[in-house]
Structures are given as structure tokens and as C-alpha cells.
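Written below as C-alpha cells is the structure these notes are about.
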């Protein structure tokens, strides 16, 4: 067991400074390209016009070119007759003005007499409707400065200024080397322990987005000499190199050694989370970065260091992300050891932007997909309380966030499907969902964090669903229920039901392993209600403490064999090919403050769930009744 | 003379509705591509996970996998000894957890005894540091919805979810057909009347930026059958077609006829300015747009109609531009006939965003290059007064605007050069200049519209430059002068001075044609001062009324032979290869409110103009003295 430990714990800005100081000056390369291929490229020198535009005095209108002195005295009552070839020539927009003329009268102001004669009723003044030489661009004038990212409109002026070739920074070639014996290409037959290489594909896409040219190498198994020779090859072929992963302290983490042997390791370890075990160094004069293997760690290293480097090669100063103020909906704890990046979901509810922290695991790629922004918790701060105002770096367009229907509460796949259809029908609307269980949804409504809350809460006394909970927990708030679906809850078990599980009464059987839902979920309440009714002590159920946040998560645990049974909906069993023991129907509805009922977003959502397309999807998923779907119950 | 007139004057939104109604449903095409090539593409269907990620229970840390029950009781005082192979196996991050173990202890929490033994000082709990199957993504889970523009992070989750091919909308192929007998390719030998085709290059770049594939055809002379056959060919090869220009009412404007004959013209003419003479139609089932020839008109048609169409093919709803509030610095007049788009420069001065209208000519490509935003003046509004708050659609990043040093006043090329160097040195800073003459600069300071004002104003009485004007026009305002350059003013005349012009006294010579600078410019004041001293009546100077806004504009007029002499600086004569009759030195300085002297931007500007690089540029331009450059004179 030969494991390294981290060498350093530099602060992020300090680490960046050390790195950039060590590798500067960057070997920025330049190239000359045709102007019309320049969109998105960055000028390496100022561009001055070589010719004027227009390069001759030209007509700004369709009409006739004439001499202004011949028109003097023309009025509505005193028309002046002009003869073609003598007094005027016909000109179109852009035509040159003959030397003998000094003005243009536009066609709308002419009275046609015959093919060769017109009358005018207004006198013309010198230089009217003429674009003089250089009106737009004067020879030698600066068109765009250096270090300017060229836009389509720039291309127009540059060509108009007679410049057909421009000097731009070359896009840096970025070597991307995935390493690891456990890493396999997408599409490989997966064995236990195999990890699909997606990091190198994400890096390549990021490199492209930031203006670099990704050069991905094949996956390198953990064989020291192979990794070393590939890194050396990349240092010959590329401008900078990314090695993934091999930067943490595991047994086979060679990256640091390879860099040290071929070049120099400047530092290994930065005080950020996720992203700590990064390596910054140089090989063969080329900057090299050892990127952590966890995708979220990798993301923050890419965003905070690699992007800056790729842009620096192109003469671009990296822009700060747009920052907005938001109210934090949950407490965030953090360590004094790190600057922490917390992904958040943003919702614009009740005219406030609400930030809800997402899963903080470094392996949670979906937290990046779902994130609307990032909250930075400084190293000096131990945590931030719920309700505090925080600054969030935006990952999405603010308008899109304002057009997002926030849906926090119980999980069901139909919410995702509904969101997909909503966006398809009304492309400017989005739906964002968070799975915190039915009671979590009620609390989110109470806190003004969500527009709607999907819930399925059985009133143990009345046997009625949802309404009594809303009345109890949201007193004084004008609420309504958008009726959703009837869905069948039951036990999910392995195909063929090998343990012969028949109902709740079998959950404390010897050797039975259960997988539970999280506290506050309607499904958990349903379980607890039935266990109590049957007098079963939860402590006797193996796995009662193991919590999943979704029906699919429960189904996956059963499907993999880690658990023998879990409580969930029929559609999850169907999706994963499990057997299902139905135990009852429940009403899954959407609680909504009355004030939102008339908003475009909620109206569109109701339309969506009533649509035949959505109902077809329910049939496909299976186990849903929808006789009242979309109807409103005022509470 | 067979000229068309505009057929219609639809309002913009009405025209767009008619157009999209007529051409819908769009023939959106789909294709299946590898996931890793999907960055920036738009999903045509929701993407669901095919496998869970992780697909096995895996270690979240480097360390050892063990059974939690074996660790119970371990404390700082009571270490527990564990043996490899018996009590644990060594695992790296991502390694599978053997069935017999249920927790991972990270390497940092181990005390190494020997190669095969460790001690622990903390007990482990079940499932700690284990990533259970599906922790990130559960099989069948929705990863991204349809009509979603794929980002690099999405690629990661999609591959992790086992989806290696995705269905996306095909990028629409957009035919771009430049037409016009006068249109020539960039790089052609230019004759009078030739117009360089840059529009089709701008359109192609825009199409690419919006996700389409441009397919540019060769320039079509104004030969009806040729244009017709090219349009038909494009309708077979492309998804939509742009024809430029031939959409106004000139003699050879065939576009409308061609479209009418091959298909249908829906409308010709929209009530916007610039952009009025657009044609919307269909040929062979493909939408076709006749785009006006003036580049600024073309720009607004591209932005308002073509972008929307190209994005619709990809299932994207066009985003509205960000809008900011700004104070209008000059009155804007507009016609009740049109919705008018006014390009504005924005400056963040004195904590207010100030919008200054740019040149409104439809041929002014530089007004697009220089624009920071667009002010829409509705059809129902005749004008907006200076000082009013207006809404501006942003064309640039708001942060960049806030980092822009605003420099309004007298024109000299050294301002552009200084701006270029400033941005090169401090890549987050920009300089924007407007040429309104020295007195215009003083007024801009008075109105709080500029940070600095380049001026060269001679006090006729004291012979001193600049200071007395600042005192007189900005009383009570704490001002300073950043010393700039001494520059030589003189007469610019044709090479060889054919008219033998020696000084101001020759400007009213018989047959002499002068070109003047605009009122309020220091150069104009210098001219008027000398004319008065010599007793010359301006009315006797031919061309006294012809105003140019820059030294280069004056030089271009002389260079082209449109004028015989103009007053300007030596560097302009040198740039255009003219002869120069020096008539005196003047002091060209930068007036600045004292409060801005300590801002980073002004400090960086002063540093820049003092730098050896800048002084070298002054030498290259010629005619500048700079002994006091960058020193501060408090007023």
C-alpha cells in the first residue's frame, strides 16, 4: 500500500498566481486567416482600414443624380422639368455620382413625365442623399483593436475597409489524456468496477466551447511507462495538457510522478472543494494540469483554471460569471479547510430568487446538469443559515430562470415527463423539480420556495388525501389543489418474487433486506402508517435506515440485488423489470397557492397535464389513473 | 425607368406572424449523432438513462473497504487493528465494494502498521463513503428534456447514463445569394461604382453563430434568368434562402419578381427603419427572405427575422436580448411611419448608464461595430428628448460596458491607438471614443456623459490652451488636465501641392475647394480664428459648409480629389500620402473630473499613454511632441 498524500493546500487565487507566473510568458501563436473565417476568433493586432468605404461618392437612394443649382426654386406650385442626360442621370442606391452632379433626388419625390423627363417640386441641396467617400470608414482608420473577439458585424466593416486577411491568435491545441485501468470507452461491455470515460468527452467539449482544439488521446491503463510516454507525446503535439485522473492519493496515481520526472510539479492540492487534488505543472515547456477524477471536482478545475488558461492563449481575459442575489432556502455547512462551491437550483418565486443547494457529492454529474448557479462559501466561513441573502454565480440565463415553474415535493417520473412536454409546447417555459418528499413540498410552499408542490399525503383519520395537510400546515394561505393522478403503490420485488413477499407483514422476515424512502416522503408515511397498524417495529426491518430519494432509486436497489424489497409506484417496477405487489391507490396532486393559478406558467402546466400527449405517456408508464387530471379544487 | 414601389408597410410583429403562419409547420429535420459530438446541439427527444451510474456499489474514497461492525468501539484511545484480506481490502476511489463489506474508511483516517495491517481510531457506519448503485443517475431517469441545448456537462451525464447516441435537430442549411451587377468579391480590383460584397460574409457568419450551416452562392449579376435559376437551385439544396439585395425599388431589383414567379411573395415592406424593404416569401416549400442591401438594414432583418427562423428549425425559442435602463444623452427624432432601431453607445459614468445615439445611416457598418446597444423608438413616438430614461437592448456584456473608459471630445487617431494599447495591457478594460469636437467634449463633461474629454481649445486672448475653457464652461467642478501631445495643425493638400496653397490666405482663391470640420471642433475654431484675423469672409470659401467629423475624413476628401485643401493634423496627411503645410502647434490634452483621477481605468489610461509603446506609436504616426505626456495639471 503505497499511497501519496497531498502535497499542498494553496488558496485558489494563490495557486493560480503561482501557476501563471511560472508558465508565463505563454507561447501564444498567431496565424493569418481570411477575414470571413474570423467569426469568434481574437485579433492579435489592431485592424486598420486599407481603403475608404464608400470608395467613391455614391447615391444613398434610388432616384436621379442632378446639380442642386438646377433645382433651386422648385415648389409645389412651381414644378421644374428636368431632362435625362442633360439635367440628370438615373441612379440606384450605391451608384456613383458623376462629377458634374452634386445631389440625389429620391424616386418618391419625382413626378414622371415620360421616359426621359421628370418634374420636381422641391429644390435639392448640395450633397443631399450622397454618401461621400469614407462616410462609413476612412482609409487608415482603426476598425477593431487587438485582443478583440470578432463578431459577424466586425467582418462586414473589416472587409468593407479592404482588409481580407487578419492576424488572429491560434486556437491552442489541448491534449486530453484519460488514464486509469478501470476506465473504459462508452459502449464497452460493462464489468463490475469499470468506469465509463465521460470526463475526457466533457473536457473536449469544454475546450471547444472556450475556443481551444481538443486532442483526445486513447485511454491509458495504469502503466507508468505508457502514461509517461503519452504525456511526453502530448507535450510535443499540444499547447497544454490535461491528464485525468491520477491526481488523488490512490495507489496507482502516477500523474504527479510522471510530471515530476518529465518536467516540474508546481503544486499538488488546492484548498477548494470539490477540486482539491489538482496538480499544476509543466512538461517540455507546456502547462500540464492533473485533473481530479470526480466529475464535479473536474468541473470546478476546468472552470476556474483550465478555461482561464485556454482563453489566455487567445488573448482573452476570462469574464466573471454574472452574479445575482438570492435567498438561501436551506442551511449550508462548510469546512474552514476549503473554499467550497455549492451547486444550487434557483427559483423565481414570489418575486424573490430562491437558491436551493443541490447534492454536494463530487460524483454527482446530475447536480451539474440541474444546477442553475454556484454559491461560493469562502474558506473563512463555516456555514450559511437558511434565509440569508447570498450571491450566486449564474450558470443559466436569468430570464430562463424567471420562466421556470418550480415544482418541489414528492417524486414521480410524471413530473419530469410533464416538464418535458411543457417545454416542448411553450419553448420559453421550463420546469424544475426537486425531490424532497410530500412534507418537504408543503414546507417549500410555506417558505415561498416553490410554485407548486406535488404531494400524496394520506389523512389517517379521514382517509382523504392531501387537503387536510394543506389546511393544517398552510393555515391562512389561499391554496388550491390541481388534481393529478391516482397511482398504485406497492412493494417492488425481484422478478419472480423469490422471497415470496406478499405485503407489509413480510418486511421483518428473517434475511429480508429492505430499502426505504427518505423521511418526509409520502411513501415513507404510508409505510410507517401500515407498520404501526400491523404492530411491526421498524428496528426489526433490515435496511429501514437506508434511504433513497426517488421511486427509481428504490427500484434500482432492488434490481441490483442490494435489497429484496422496497415500497414504490408501479411505473418504477415496470421501468426496471421488477415484480410488483399492489397495496393500494393514492392521490398524487399538485398543491398551489391560488395567486399562481392565473399565471401563464401554471396555466400552461395544467394544459400540458390535460393534453392527450401527456395521458398517452401515463398509459405508457403504467399504473396511473387520471379521471380528474387538471381539475382545480379550491381549499 | 421601371421602378417598383413598396408593396406593403406591415408592422414588424404582424409581418413575422404572417410569415411564420404561412411557412408552418417548418420541416424540421432530425439526425442521430454520437453523444460526444453533441455540444451546442438541440435534443429532438428527451434523453432517458439506459443504465445506472454508478452501475455497482463503489468506493467514494481512496482507503479500505471493511465491515462496519468490525470497527465499532474504535476511538482515539482504543485503536482497532485490521488485517488485509481478512478484515479489509484496499480500495481506490471508484473501486467496487466486495459483497462482504459495507463501508469505506478513507486513507487519511488509517494508521499504517505494516504492509498488511492498519489501525483505526474511529468506528465506521454502514454505507459510509460508498456510492450506491444509481446514486448519480438511475436507469430510465430523465437526463435532459427535449428541445434542450446540450452543454458539456450534459454530455457527461448522458454518457454516464449509457446513452452514446442522441437524436438532435439537424442544423438548417441556409442559402446565401448575393446579387447585383455592381457587387464584386473582396480583393477585386475596385472600379468606381463597384461595391465589395461583405453582406453575404456577415450573413454566413451570423448563420453559423445561430446554429445554421451557411451555403453561400457566387455573386449573381442582375440578369433575371440567372438569379431565378440560382434561387431555384438554392430551394432544392437548402432549408431556407436569403437573397441580398434587390429588395428595394431600384431598376434592377428582381428579387420580388423571381420569388413571385417561382413561389409566393407574402409581403414586401415592413414598417421598420432601417430594414423596411424586406421581402418575405416561399419558393419550393422553402422560406425565402429578400434582405435589403444596406448593411444596417440587413442587420436588423437578420436579427429580428432570420435568427428566429434559424433557431425555430432547431427547436429553439429565440431569447430576448438583455435590456437595461439608460439615460439618453441626445435628443432622438423619429418618424411616425416606422419602428426605428437606433444604435447607441453606452457609457457608465457617474453611476449612470448613458446612451449616446450613433450615426443613423443605413450604410454605416461602423455604427454596428461601435454599438453597445439598440434603442427601439416605437412607431407611435415622434422622438425622445435628451435626459429621458430609455430601455436599451444590450449588444455587449454589461460588465464590459462598466469597464469601458468613455472618451468624448476632439478626434485624433492617437485616442484609438491608446485604447488599443490600454485593452492589450489590461484586458478587462476598454476605451470607447466619440468624435464630437472639443466643445462637444466639454459639454459631455458638463452633462456627466464622459470620463475624459480630449480637447485642444486655444484661448484667443491668453494664447493658452484648454484651461480657460474648462474654467469658463465647468465652473465649480473640480477638474484636472491630463497632458497629452503637442500636435502640428496645418493644411492638407494634394501631393505636390498643385494649387500652390501656402496658408489660410489662399482658401478663398478662385476655384479652390475646401473641406471643413464640424462646428464645435477645435480645428474649426482654429480656422475661424485665423479667417477673422485675416479678414476672410467664410462665405467666399467654396466647401466651407462641407463638414467632416475627423481629420482622416478631411484627408480622405482631399485624397479623393473632392476637395483641394482642408485643415488637419500632420499624421492624417502622412497616413493618406498628402502634402502638409504646417500652420502651428497646439496642445491636445484630456480634461478629466478630479474624482475620476484615482479610478483604475483612468490610472491605467495614464500609464498607457506614458508607456514607451505608445510613444513609439506617436513617432510612427508623425507630427506629435510629448514632453509632458501623462502629467496632471490641477485646475
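The values are calculated or read from the model by the stated rules, or taken from the named source; none is laboratory data. Treat the numbers as computed from the prediction; the structure is a model and nothing was measured. Cβ placement follows ideal geometry from the backbone for every residue including glycine, while neighbour counts extend to all protein chains displayed.
A few comments on the model shown:
- Some residue of the range A:124-131 being at the interface with chain B (Cβ under 9 Å from one of its Cβ atoms), surrounded by fewer than 23 Cβ atoms within 10 Å (Cβ to Cβ), more than 21 Å from residue B:181 (Cα to Cα) and touching a strand residue (DSSP E or B) at 6+ places or on another chain (Cβ under 9 Å): yes
- Meets criteria (surrounded by 22 or more Cβ atoms within 10 Å (Cβ to Cβ), out of contact with any strand residue (DSSP E or B) (no Cβ under 6 Å at 6 or more places or on another chain) and assigned by TED's automatic domain parsing to the domain that holds residue B:565) for residue B:522: yes
- The requirement of being surrounded by 20 or more Cβ atoms within 10 Å (Cβ to Cβ), away from chain B (no Cβ under 14 Å) and more than 18 Å from residue A:420 (Cβ to Cβ) is satisfied by residue A:587.
- Any chance residue B:150 is surrounded by fewer than 23 Cβ atoms within 10 Å (Cβ to Cβ) and under 22 Å from residue A:185 (Cα atoms): yes
- Residue list for the range B:21-50, filter: in contact with a strand residue (DSSP E or B) (Cβ under 9 Å, 6 or more places away or on another chain), farther than 22 Å from residue A:203 by Cβ and in a loop (DSSP other than H, G, I, E, B): B:26, B:27, B:28, B:29, B:44, B:45, B:46
- Of the listed requirements (1) closer than 28 Å to residue B:463 by Cα; (2) out of contact with any strand residue (DSSP E or B) (no Cβ under 8 Å at 6 or more places or on another chain); (3) modelled with pLDDT of 95 or more, residue B:622 misses just one: (3).
Matching residues to (1) crowded, with 17+ Cβ neighbours inside 10 Å; (2) assigned to a strand (DSSP E or B); (3) over 52 Å from the mean Cα position of the chain (by Cα); (4) within 12 Å of another protein chain (Cβ to nearest Cβ):
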{"residue": "B:56", "(1), (2), (3), (4)": "yes, no, no, yes"}
{"residue": "B:64", "(1), (2), (3), (4)": "yes, yes, yes, yes"}
{"residue": "B:74", "(1), (2), (3), (4)": "yes, no, yes, no"}
{"residue": "B:77", "(1), (2), (3), (4)": "no, no, yes, no"}
{"residue": "B:83", "(1), (2), (3), (4)": "no, yes, yes, no"}
{"residue": "B:86", "(1), (2), (3), (4)": "no, no, yes, no"}
{"residue": "B:90", "(1), (2), (3), (4)": "yes, yes, yes, yes"}
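- When A:161, A:212, A:208, A:156 are screened for being buried (at least 22 other Cβ atoms within 10 Å of the Cβ), without any contact (Cβ under 8 Å) to a residue 40 or more places away in the chain and within 30 Å of residue B:307 (Cβ to Cβ), only A:156 passes.
- Selection status of residue A:182, surrounded by fewer than 24 Cβ atoms within 10 Å (Cβ to Cβ), facing chain B (nearest Cβ under 8 Å) and within 17 Å of residue A:305 (Cα to Cα): no
- Checklist (1) within 33 Å of the chain's Cα centre (by Cα); (2) surrounded by fewer than 18 Cβ atoms within 10 Å (Cβ to Cβ) applied to residue B:239, failing item: (2)
- Selection status of residue B:192, free of Cβ contacts under 8 Å to residues at least 40 places away in the same chain, within 12 Å of chain A (Cβ to nearest Cβ) and buried (at least 23 other Cβ atoms within 10 Å of the Cβ): no
- When residues of the range A:532-559 are limited to those that are more than 13 Å from residue A:514 (Cα to Cα) and out of contact with any strand residue (DSSP E or B) (no Cβ under 9 Å at 6 or more places or on another chain), the one surrounded by the most Cβ atoms within 10 Å (Cβ to Cβ): A:536
- The combined condition, being out of contact with any helix residue (DSSP H, G or I) (no Cβ under 8 Å at 6 or more places or on another chain), surrounded by fewer than 20 Cβ atoms within 10 Å (Cβ to Cβ), at pLDDT 95 or above and over 14 Å from residue A:413 (Cα atoms), is not fulfilled by residue A:607.
- Single residue of the range B:560-575 satisfying the filter (surrounded by 24 or more Cβ atoms within 10 Å (Cβ to Cβ) and under 30 Å from the mean Cα position of the chain (by Cα)) that is nearest to residue A:55 (Cα to Cα): B:572
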